[in-house]
Amino acid sequence: MRWLAIALAGGCASAGTDQPGQVDSGQQQTDSGTTMQDSSMTDSSMVMIDAPVGPMTRTLTQTTSQTLKAGNTIACSNSTTGHTRDNSFYRVFDLPAMGINAAFTVSQVSFQVEHCDHINNTGCVVAVRVGTYAGTPGATLTPASITILASNASVPVPEIIENPGPPPTTPGGTVNAPITATIPAGSKLVVQVEAPDGNNLYSFFMGSNDGGESGFGYIMSGTCSITNPTNISTLGTPAPRHLLLNVTGMY
């Protein structure tokens, strides 16, 4: 934690010498007058086909590892009390680039927590949002290019207390936030986790690691004059820090 000032069935036939009921065609006469056809005489019009492909569930992630690293994430904080101020964390997933060419229906956002400490030991509440991003993700995101399609404004985060060490240690934790939205085919999906100002009551640091990522994680905080979501690895020290923030849905 750091402060930032942020079957196909076959027939059967008996082997052996000619007996009553045995015919040269490979068919055996039964008492009822019907025949049992051996497998060499199957109907050539029968073919094997695949079952139709149904909806697929997938979790979108940009981090190579889901293992949280203690003492790794930064947030805009009150330098006197140590409580965090307003902080929003983001990721953008390019659906076509990830091989998803149909509409994607979101069902859950998951994120890990490095530290969440309320003076009343009640944890904190964050907001989770999903939508689309019309721009090209780079070192920063353009807020005007974000369209929010759904929001879960009351996602509880339990008390998770990090020991600053040295070395820092944390029990960590994962929050699974239900949320429903349909992202149109061909879109980039944006996810946001907003932690309001702690008001000298609590601190919240999202979980991260330095194990590698395929896209940037971003942070924004008006209090710390970060007015555009900015690659969190470019702020403060140490770096890199890769936010553990995933989205699950169906297409």
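The values are calculated or read from the model by the stated rules, or taken from the named source; none is laboratory data. Everything quoted here is computed from the prediction, not taken from an experiment. When we count neighbours, we look across all protein chains shown, and the Cβ atoms used for this are built from the backbone with ideal geometry, even at glycine. When the accessible area is computed, the model is the full protein with side chains, heavy atoms only, and any ligands, DNA or RNA have been set aside. Shrake-Rupley method; radii C 1.70, N 1.55, O 1.52, S 1.80 Å.
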Given (1) in contact with a helix residue (DSSP H, G or I) (Cβ under 7 Å, 6 or more places away or on another chain); (2) part of a loop (DSSP other than H, G, I, E, B), number of the condition ILE219 does not satisfy: (2)
Options THR67, THR80, THR105, THR84: the member that is touching a Ser or Thr at 6+ places or on another chain (Cβ under 9 Å) and farther than 24 Å from THR180 by Cβ: THR84
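Which one of ASN199, ASN163 is modelled with pLDDT under 95 and either buried (at least 19 other Cβ atoms within 10 Å of the Cβ) or not small (Gly, Ala, Ser) (or both)?
Details: ASN163 fails: modelled with pLDDT under 95.
Matching residue, one of ASN199, ASN163: ASN199.
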ALA153 under 27 Å from ASN101 (Cβ atoms) and either modelled with pLDDT of 95 or more or assigned to a strand (DSSP E or B) (or both): no
Hey, can you tell me all the residues within region 93-123 that are open to solvent by 10 Å² or more (accessible area, probe 1.4 Å) and within 20 Å of THR174 (Cα to Cα)? SER107, GLN108, SER110, GLN112, HIS115, ASP117, HIS118, ASN121, THR122
Could you grab the pairs with beta carbons closer than 6 Å, sequence gap of 6+ or different chains, first residue in region 95-114 and farther than 18 Å from LEU245 by Cα, second one part of a strand (DSSP E or B) and open to solvent by 10 Å² or more (accessible area, probe 1.4 Å)? ALA103/THR182
Do you know which residues across region 205-248 are polar (S, T, N, Q) and in contact with a Pro (Cβ under 6 Å, 6 or more places away or on another chain)? SER233
Checked region 217-251 for anything at pLDDT 95 or above, open to solvent by 50 Å² or more (accessible area, probe 1.4 Å) and among the β-branched types (Val, Ile, Thr); matches are THR223, THR227, THR234
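Hey, any hits in region 69-83 for a residue that's in contact with a helix residue (DSSP H, G or I) (Cβ under 9 Å, 6 or more places away or on another chain), modelled with pLDDT of 95 or more and assigned to a loop (DSSP other than H, G, I, E, B)?
From region 69-83, those in contact with a helix residue (DSSP H, G or I) (Cβ under 9 Å, 6 or more places away or on another chain) are 73-74; that's our starting set.
Remaining after also requiring modelled with pLDDT of 95 or more: 73-74.
From what is left, the residues that are assigned to a loop (DSSP other than H, G, I, E, B) are 73.
Yes, because at least one residue in region 69-83 is in contact with a helix residue (DSSP H, G or I) (Cβ under 9 Å, 6 or more places away or on another chain), modelled with pLDDT of 95 or more and assigned to a loop (DSSP other than H, G, I, E, B).
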Could you please find all residues in region 66-87 being open to solvent by 10 Å² or more (accessible area, probe 1.4 Å) and of a type in the set (Ser, Thr, Tyr)? THR67, SER77, SER79, THR80, THR81
